[in-house]
1. Which is farther than 30 Å from A:Leu154 by Cβ and either touching a strand residue (DSSP E or B) at 6+ places or on another chain (Cβ under 9 Å) or near DNA strand C (Cβ under 10 Å from one of its atoms) (or both), of A:Gly44, A:Gly40?
2. Of all the residues that make up the range A:18-30, how many are more than 16 Å from A:Met65 (Cα to Cα) and more than 12 Å from DNA strand D (Cβ to nearest atom)?
3. Going by the conditions given, is A:Ser93 among the hydroxyl-bearing types (Ser, Thr, Tyr) and away from chain B (no Cβ under 11 Å)?
4. Can you pull out every residue in the range B:128-174 that is among the polar types (S, T, N, Q) and facing chain A (nearest Cβ under 9 Å)?
5. Can you pull out every residue in the range A:1-37 that is away from chain B (no Cβ under 14 Å), touching a Ser or Thr at 6+ places or on another chain (Cβ under 7 Å) and either farther than 24 Å from A:Arg119 by Cα or more than 11 Å from DNA strand C (Cβ to nearest atom) (or both)?
6. Can you say whether B:Ser93 is closer than 30 Å to B:Gln188 by Cα and either within 14 Å of DNA strand D (Cβ to nearest atom) or of a type in the set (Ser, Thr, Tyr) (or both), as far as the supplied structure shows?
7. Tell me, which residue of the range B:96-123 that is assigned to a loop (DSSP other than H, G, I, E, B) and within 14 Å of chain A (Cβ to nearest Cβ) is nearest to B:Ser186 (Cα to Cα)?
8. Does the range B:141-153 hold any residues that are touching a residue at least 40 places away in the same chain (Cβ under 8 Å) and within 21 Å of A:Met172 (Cα to Cα), and which are they?
2 protein chains.
Amino acid sequence: MPKLGMESVRRRSLVEATISAIHTRGSMDVTMREIATRAGVSLGLAHHYFANKDDLLTSAMRAIMTDYRTQVGEALAGADGPHERVRAIIRASLAQDQFNPEVVSAWLVFYAHAHRSPRARRILSIYTRRLHSNLCHELRQLVGERADGVAAGLAALIDGLYVREGLGTARMADSDAYRLLDSYVSLQIAAGPAKTASAA
Amino acid sequence: MPKLGMESVRRRSLVEATISAIHTRGSMDVTMREIATRAGVSLGLAHHYFANKDDLLTSAMRAIMTDYRTQVGEALAGADGPHERVRAIIRASLAQDQFNPEVVSAWLVFYAHAHRSPRARRILSIYTRRLHSNLCHELRQLVGERADGVAAGLAALIDGLYVREGLGTARMADSDAYRLLDSYVSLQIAAGPAKTASAA
DNA sequence: GGGTATATTGAATGGGTGTTCAATAAACGC
DNA sequence: GCGTTTATTGAACACCCATTCAATATACCC
């Protein structure tokens, strides 16, 4: 009983199912069959809409990154001044939708997947660059020429907190994570734009 | 032509082959056959010495962590005073043997593997706790009650740098990584032991 | 030197995987 | 109403994986 225009619905629900499957399994071993079942469609249909598993995986990757970007954009919209804008990026990174074991697991999967899939690697590096340039733009007004190093540190700090969140053990409350990141930025600002004793 | 006492030799070489296989493939998909071939033995023999794949994987995990612990121990031996001791831990974490894409890939594999294998999870959490308590012990003398938060931040920062190193894209020089971590600690020390505007 | 333990292999087993394909059924265009 | 397109399925295919097992050959023990 084919209703027309199912393609977009199916694609969306398959992508969601992929993320959800990675979520609850908490690992990279996601099978096409599991995804299809979870999306409520047959295995064949999943392959009808997505040529490869890689195709589906990268689509899910794009979806998560789009979510993140949207969230950053919204947070940025209501933020005035460079320091507040950096804080907005931090807050968006730690928002409930992003900073939970499930989504973080998905990120780790993509990181790992990027090793094999050139497409995934390209997508991921776009994200990395965008985050870095976002941070740099604001930080330059706060710490001058040290912006590059501070941005690298902040990005690494966020990634590290993500890993620890994904690991499940030794998790910390969102508020603690926020304080940690915020204090990092504040300290760097307080240290001034001088290059001595700086990062990178 | 069985020479006796091969067990220890084979075990060692299989563990090395495992790490090396993970290295060059840069991912979690390591097959028993690939490991066996790389170690120069038959697939059957690999299963003769290691009951499970999990067994072999966790052994490799233990090996890498032992390496790391040894390196930290050695660095710690020649360090005087809490600040120097923290620096020693940082240096050990960034030493060539540890901080390269291959070894980092292995770490990521183990992180992922820990999701499924309770044994792996236990081993990993032991490592996490030990690093944290090591750092805390030194940091308490430097930043007082903020030690916990600073240690968490430093550990996350190290993990984040590892992830980025493992990712391959956007890598940074060891010296830059060191400067980044060192400045983090220095800034936290300079900020004093007060709890206001601190981390955690 | 016969028996036992060790070292080692190659082949089989059973299961799970991604992917392909032919077949069916309903909606649409004309 | 008929052909084309879309939606959907279930079965089939070929492959690779971890694991098991029977078989062989060498060293050690007494």
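Only the coordinates and a few stated rules stand behind these numbers; no lab work does. Bear in mind that the values here come from a model prediction, so they are computed numbers and not experimental data. FYI the Cβ positions are ideal-geometry reconstructions off the backbone, even for glycines, and counts take in every protein chain you see.
1. Answer to the selection: A:Gly44.
2. Applying the first criterion (more than 16 Å from A:Met65 (Cα to Cα)) to the range A:18-30 yields A:21, A:24-30.
From the residues that got through so far, the ones that are more than 12 Å from DNA strand D (Cβ to nearest atom) too are A:21, A:24-28, A:30.
Count: 7.
3. Values: among the hydroxyl-bearing types (Ser, Thr, Tyr): yes; away from chain B (no Cβ under 11 Å): yes.
Taking the combined requirement at face value, the residue satisfies it.
4. B:Thr128, B:Thr169
5. Of everything in the range A:1-37, just one residue is away from chain B (no Cβ under 14 Å), touching a Ser or Thr at 6+ places or on another chain (Cβ under 7 Å) and either farther than 24 Å from A:Arg119 by Cα or more than 11 Å from DNA strand C (Cβ to nearest atom) (or both), namely A:Val15.
6. Numbers: closer than 30 Å to B:Gln188 by Cα: yes; either within 14 Å of DNA strand D (Cβ to nearest atom) or of a type in the set (Ser, Thr, Tyr) (or both): yes.
It is true that B:Ser93 is closer than 30 Å to B:Gln188 by Cα and either within 14 Å of DNA strand D (Cβ to nearest atom) or of a type in the set (Ser, Thr, Tyr) (or both).
7. First, pick out the residues of the range B:96-123 that are assigned to a loop (DSSP other than H, G, I, E, B): B:96-100, B:114-117.
With within 14 Å of chain A (Cβ to nearest Cβ) added as a condition, the list becomes B:99, B:114-117.
Values: B:Phe99: 22, B:Ala114: 33, B:His115: 35, B:Arg116: 38, B:Ser117: 38 Å.
For the range B:96-123, the residue satisfying everything is B:Phe99.
8. Just the residues of the range B:141-153 that are touching a residue at least 40 places away in the same chain (Cβ under 8 Å), to begin with: B:141-146, B:148-150, B:152-153.
B:Val143, B:Gly144, B:Glu145, B:Arg146, B:Asp148, B:Gly149, B:Val150, B:Ala152, B:Gly153 - these are the residues of the range B:141-153 that are touching a residue at least 40 places away in the same chain (Cβ under 8 Å) and within 21 Å of A:Met172 (Cα to Cα).
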